[in-house]
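Written out below as structure tokens is the structure these notes cover.
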Amino acid sequence: MSKVISAHAVSVDGYITGREPGPGNGLGDGTTLFDWYFDGDTPSQVFDGFRLSEPSARVFDALAARVGAIVAGRNTYEDSDHFGGGSPHPTARLFVLSHRPAPEITERQTLVTGGIEDAVAAAREAAGDRDVGLMGGGALTAALAAGLVDEVVLHQVPVLLGGGRPFFQALPEHVRLRLVEAVPTPGVTHLHYEVQR
């Protein structure tokens, strides 16, 4: 069965955006979270235009190659200007989790209004034997609370943003994690955790 994973770039103080994120402004002043996508000399085998350090390319491409569908929260969808009508992943279908209408949804995207369980189920069906990726703090928090998440990967960037949208939101109980791998690289440390059940 496919897994449900989350892999996000995050600041040391826990933000996934800078201040004032939103439509037309992307991550606000938090774009430094993604500098590591372009600061190396190893081209990504999954994402055109990404040139990472060799160890980052190994970690990033291994994760990206696993993903067959993406579930994104509405804030992430809006902040990313609807992903240009496509998906944040070159081959994975996008499922947008929202409780309000989204008239801008295209034929390459699916709006899911029934909650995280419905969104993950639809994404799993689309992903086949590949994994479902989660995007956004709200989507991850809802999936963790529902017991749906198998792995959490933090691409931790050595910066204190001091404000923005926090990655982790309030959870109803503790979620235990087991460190699977830690890969320090120039500009980012990749922390791969398995959710303990």
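One line per residue, one yes/no per condition, for (1) more than 19 Å from V152 (Cα to Cα); (2) open to solvent by less than 10 Å² (accessible area, probe 1.4 Å):
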site	(1), (2)
G49	yes, no
S53	yes, no
A57	no, yes
A62	no, no
D81	yes, no
V112	yes, no
I116	no, no
Considering L144, L148, which residue is part of a loop (DSSP other than H, G, I, E, B), closer than 22 Å to R74 by Cβ and at pLDDT 95 or above?
L148
Answer with yes or no whether V175 is open to solvent by 10 Å² or more (accessible area, probe 1.4 Å) and in contact (Cβ under 8 Å) with a residue 12 or more places away in the chain.
yes
Matching residues in segment 74-90 - criterion: being of a type in the set (S, T, Y) and touching a helix residue (DSSP H, G or I) at 6+ places or on another chain (Cβ under 9 Å)
T76, Y77
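Does segment 32-50 contain any residue that is under 27 Å from P101 (Cβ atoms) and in contact with a strand residue (DSSP E or B) (Cβ under 9 Å, 6 or more places away or on another chain)? Full working, then the answer.
Initial filter on segment 32-50 (under 27 Å from P101 (Cβ atoms)): none.
There is no residue in segment 32-50 that is under 27 Å from P101 (Cβ atoms) and in contact with a strand residue (DSSP E or B) (Cβ under 9 Å, 6 or more places away or on another chain).
Return yes or no: is V188 in contact (Cβ under 8 Å) with a residue 24 or more places away in the chain, open to solvent by less than 20 Å² (accessible area, probe 1.4 Å), among the β-branched types (V, I, T) and in contact with an Asp or Glu (Cβ under 9 Å, 6 or more places away or on another chain)?
Numbers: in contact (Cβ under 8 Å) with a residue 24 or more places away in the chain: yes; open to solvent by less than 20 Å² (accessible area, probe 1.4 Å): yes; among the β-branched types (V, I, T): yes; in contact with an Asp or Glu (Cβ under 9 Å, 6 or more places away or on another chain): yes.
Yes: the conditions hold for V188.
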So for segment 9-25 (the condition being free of Cβ contacts under 8 Å to residues at least 40 places away in the same chain, over 20 Å from A123 (Cβ atoms) and buried (at least 17 other Cβ atoms within 10 Å of the Cβ)), does at least one residue qualify?
no
Only listed residue being more than 25 Å from G22 (Cβ to Cβ), part of a strand (DSSP E or B), open to solvent by less than 10 Å² (accessible area, probe 1.4 Å) and among the hydrophobic types (A, V, I, L, M, F, W, C), chosen from V153, V96, V120, V180:
V153
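Got a sec? Which of V46, V10 is assigned to a loop (DSSP other than H, G, I, E, B) and within 23 Å of F95 (Cβ to Cβ)? Steps first, please.
Numbers: V10 fails: assigned to a loop (DSSP other than H, G, I, E, B).
The unique qualifying residue is V46.
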Check on T110, β-branched (V, I, T), assigned to a strand (DSSP E or B), in contact with a helix residue (DSSP H, G or I) (Cβ under 9 Å, 6 or more places away or on another chain) and at negative phi
yes
Can you run down the residue pairs with Cβ atoms below 9 Å, 6 or more apart or on separate chains, where the first is in segment 106-128 and closer than 21 Å to A64 by Cβ and the partner is part of a strand (DSSP E or B) and open to solvent by 60 Å² or more (accessible area, probe 1.4 Å)?
R108/R93; Q109/R93; T110/R93; A123/R93; A126/R93; A127/R93
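The values are calculated or read from the model by the stated rules, or taken from the named source; none is laboratory data. The structure presented is a predicted model; accordingly, all values stated were derived computationally and were not measured. Using ideal geometry, Cβ is built from the backbone for each residue, glycine included, and neighbour counts are taken over all protein chains shown. Protein only, heavy atoms only, side chains kept; ligands, DNA and RNA dropped before computing areas. Shrake-Rupley method; radii C 1.70, N 1.55, O 1.52, S 1.80 Å.
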